[in-house]
Every structure is written in structure tokens, then in C-alpha cells.
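Visitor: I'd like to ask you about the structure that follows.
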Amino acid sequence: MTEDTAGGGTTVALVESPVQLLNVLEWAYQGGTVIPLTVVVLPPTEPLSRGQLRRMAELAMDDGLEVRWQEARGGAGPLRTMTSLARPLRRARRVVLGDPFSRYVQTLLTIVKAREVVVVDDGTATMEFTAQLARGERFVRWHRSGRGGGARGMLFAPVASAARRRLTPAGGAGAAGTRVEVFTSMPVVDPPEGLKVTANEFAWTRSRFGPPSVGAATDLVGTSLVETGVVDHDRYLEAVASLTKVYGATRYFAHRRERADKLHRLHQHTGLEIVRPDLPLEIIARRGPIGRTIVSFPSTVVHTLPLALAGTGVKVAVCEVDASWLTETASPRAQGFLSSVAGAARERRGVDGLPVGPATATGWSGAPAASV
């Protein structure tokens, strides 16, 4: 494991997605040079995510980080992972986490002895993590109902409770004496006592790539809201078709979790060029070419792209999700959470809002989208 020159001991990062690895790099780069650390990649089984993780791992190694690829799923994977990582995690002075909601990460936290933990962005989930931490609640992803979890959830409950205690900052109720930092580009409202919040400005991405060539067209950014059961499939396609027609969009940057059959139907219905990025969109957009306007539904990118593309003149806008688009099984919290993501982007990043529902077909909500 790599020695941490910032204060002795080692720093180990646990990541499961390309975005998490990107934000580990952003955290390590804050001082202008990358802090040495070891990144343990716990890859999912989904092929596109694995491909993006491979590419991000190459970039991390190019910048001097040690990367360890650890197959943690299927068969003997979980037990082998616990055994393999037990010693380095116990010896680590500081641990960087990409997803505090992950059961793998929560399980690995049971063998962590470090009293310094950094949580880097895993997209909009960071907003829910800090809010639940402040309220002392059980960690539940915003798009899930949070009801029960069945027998498996009951068996895992002691591990989840231990993880919540470990991630409660020293000074907070039920804290385990841990120094906890959240490194984020997302808004943190009323953080819990003792939590250190550090802004992620995407300095590494801007220093490493671009500036991009900017075209005249509009690009759309896809989401996995259908795949997570939040938004109805047909309503989503209708909304994308409307945005394509009104704003003259030509490309659709697919989320890595979007299903191939959904994207095929979307292409047939709209004529959009479907782009499957091989890296997180912040890097893809920074490398270019990119459209003059980028339109997204409420998601992480309406907060991160204005930072990654600062000074380029690219406009970012967010299309609200109407309540009528939600599925019957969507979490009761879904509408409020998505509205908060869009509202915070408008307030903090100058992102313009587009009308929801049938009004989408009428055009922009008002002033031109904010230029970044």
C-alpha cells in the first residue's frame, strides 16, 4: 500500500463506480499535485460500468495512484475480498469511500480501524447521505422505499447500524470518534455537528482535459430513472422526444445503466445519435466536442458540468420531472428529492430550468440557459 506523504500511514480508497473513482482523483488533487493513495476497485458485473472503471483506473495510474482491481461479487468473491483487504484496511490511517450506502462498503467498514474517513461524491446520493446522517436515520437510497428489506435486510441490520455509527462525526450523537469529511460538488444543507464539508470544484478534470471545441447543437443527457423504477418508460421517451424537437438536439449521452432496448427505441422514435461514453460525462464534455447547450433531467451532471465546463461558454439546463411521470412503485420521496436536485442547481450553479410535463413542448421556461 502507498505511504501517505501528507501525514504518515496509508490512505485507501474503496470505489465501485467510474464517478466515484473520478472524485477520488479530484479529492487527491486538491493541492495541485496528487496525494499518493491506493484505490481498491470493487467492480460491478454490468459491462459498461466495468469498461468505464477500467478507463478511469488507467487515468488514475497515469497520475501516480496505485490501483488494485478486486473482484468482489459472485461465488467466493465477498469472502476472498474480506480476507484480502483485512490487513491493509486495518493498517490504513485514512479511508476514502465512494458509496456509504453500499453493503460491500458497509461490511468492509467493520474491519477499518482508521479514525479519519472521507466520503467522496457518488452523485446526488451524497445529498441524501448527509441529510440522513444529520437526522440520525438508517441509510436508504432516495429512490428506494426504505420499508423493511426482508430477511436479508434484517440480517444485515447490525452491520448497517455499525456503519452509520462509524460515519457519524466525532461530536455527533452516537459518534464513534471518527473525523468525517464529505468532498462534494452537491449542496449540503444543515450538516451534522463535526462534519467537515469540502467543495469539489473539478480542478483535476479542468487541468487534465480541454478546453473543448464547442458546436452549435444541443446535447441531451440520459438518466437511469427508468431503470431504477422511478419514472415510467413511455413518459420518459415522450419527454426526450419533446426536448429533441423543441431544442433541436442531435445527440443523447446515455447513462451507463440505461438498457439497450430502451435506447434502441429512443433512437427509432427521435433519430437522436446515441452515445455510450467510455468515461464519466464530466471528462467526455471537457475533452469535447460538446454542444453549445446541454439539457439534462435532475441528476448529478446539472451540478458537476457547470464546474467542469467553467469558462467554456457551454449552457446547462435542467428539465424538471413532473409528478405524472412517476411510476406507482416510486418512493414517496422521489418527487421532492428530484425537485431539490433541480432547484439547488438553479440556485447554486445558475442552471436554467425547463418546464415540466406537457409544457415541455412549448419551449424554454424563461431566460436563456446559464452560460458556464
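Visitor: How many residues, within region 38-59, are closer than 18 Å to residue 205 by Cβ and either hydrophobic (A, V, I, L, M, F, W, C) or not assigned by TED's automatic domain parsing to the domain that holds residue 108 (or both)?
Guide: Of the residues in region 38-59, 5 are closer than 18 Å to residue 205 by Cβ and either hydrophobic (A, V, I, L, M, F, W, C) or not assigned by TED's automatic domain parsing to the domain that holds residue 108 (or both).
Visitor: Examine region 76-92 for a residue that is buried (at least 21 other Cβ atoms within 10 Å of the Cβ), under 18 Å from residue 183 (Cα atoms) and in contact with a Gly (Cβ under 8 Å, 6 or more places away or on another chain), and state whether such a residue exists.
Guide: No: region 76-92 contains no residue that is buried (at least 21 other Cβ atoms within 10 Å of the Cβ), under 18 Å from residue 183 (Cα atoms) and in contact with a Gly (Cβ under 8 Å, 6 or more places away or on another chain).
Visitor: Of all residues in region 121-133, which are touching a residue at least 60 places away in the same chain (Cβ under 8 Å) and not charged (D, E, K, R)?
Guide: Listed by number, the residues that qualify are 123, 124, 126, 127, 130, 133.
Visitor: Just to be sure I understand the filter: pairs with C-beta atoms under 7 Å, separated by 6 or more residues or on different chains, first member in region 263-280 and more than 13 Å from residue 250 (Cα to Cα) and in the same structural domain as residue 233 (by TED's automatic domain parsing), second member aliphatic (A, V, I, L, M) and in a loop (DSSP other than H, G, I, E, B). Which pairs pass?
Guide: 263/254; 276/254
Visitor: When the residues of region 179-194 are filtered to those that are out of contact with any helix residue (DSSP H, G or I) (no Cβ under 6 Å at 6 or more places or on another chain) and over 22 Å from residue 345 (Cβ atoms), which remaining residue is modelled with the lowest pLDDT?
Guide: So the residue we want is 193.
Visitor: Please specify each residue of region 36-76 satisfying the condition of being touching a residue at least 24 places away in the same chain (Cβ under 8 Å), more than 20 Å from the chain's Cα centre (by Cα) and within 21 Å of residue 308 (Cα to Cα).
Guide: 63
Visitor: Oh, and also: Which of the numbered conditions does residue 245 fail, given that it passes all the others? Conditions: (1) buried (at least 16 other Cβ atoms within 10 Å of the Cβ); (2) in contact (Cβ under 8 Å) with a residue 12 or more places away in the chain.
Guide: (1)
Visitor: Can you find, within region 318-329, the residue that is nearest to residue 353 (Cα to Cα) among those that are outside any helix (DSSP H, G or I) and polar (S, T, N, Q)?
Guide: 327
Visitor: Residue 294: among the β-branched types (Val, Ile, Thr), crowded, with 16+ Cβ neighbours inside 10 Å and under 22 Å from residue 227 (Cβ atoms), yes or no?
Guide: So residue 294 passes the test.
Visitor: Next question. Search region 177-189 for residues that are touching a residue at least 60 places away in the same chain (Cβ under 8 Å) and pair each with any residue that is among the basic types (Lys, Arg) and crowded, with 18+ Cβ neighbours inside 10 Å when their beta-carbon atoms are under 7 Å apart and the residues are at least 6 apart or on different chains.
Guide: 178/166
Visitor: Here's another thing I want to ask about it. For the subset of region 303-339 comprising residues that are hydroxyl-bearing (Ser, Thr, Tyr) and closer than 30 Å to residue 203 by Cβ, which member is surrounded by the most Cβ atoms within 10 Å (Cβ to Cβ)?
Guide: 304
The values are calculated or read from the model by the stated rules, or taken from the named source; none is laboratory data. Remember, predicted model here, so these are calculated numbers, not experimental data. Cβ sites come from the backbone with ideal geometry, for glycine too, and all protein chains shown count toward neighbours.
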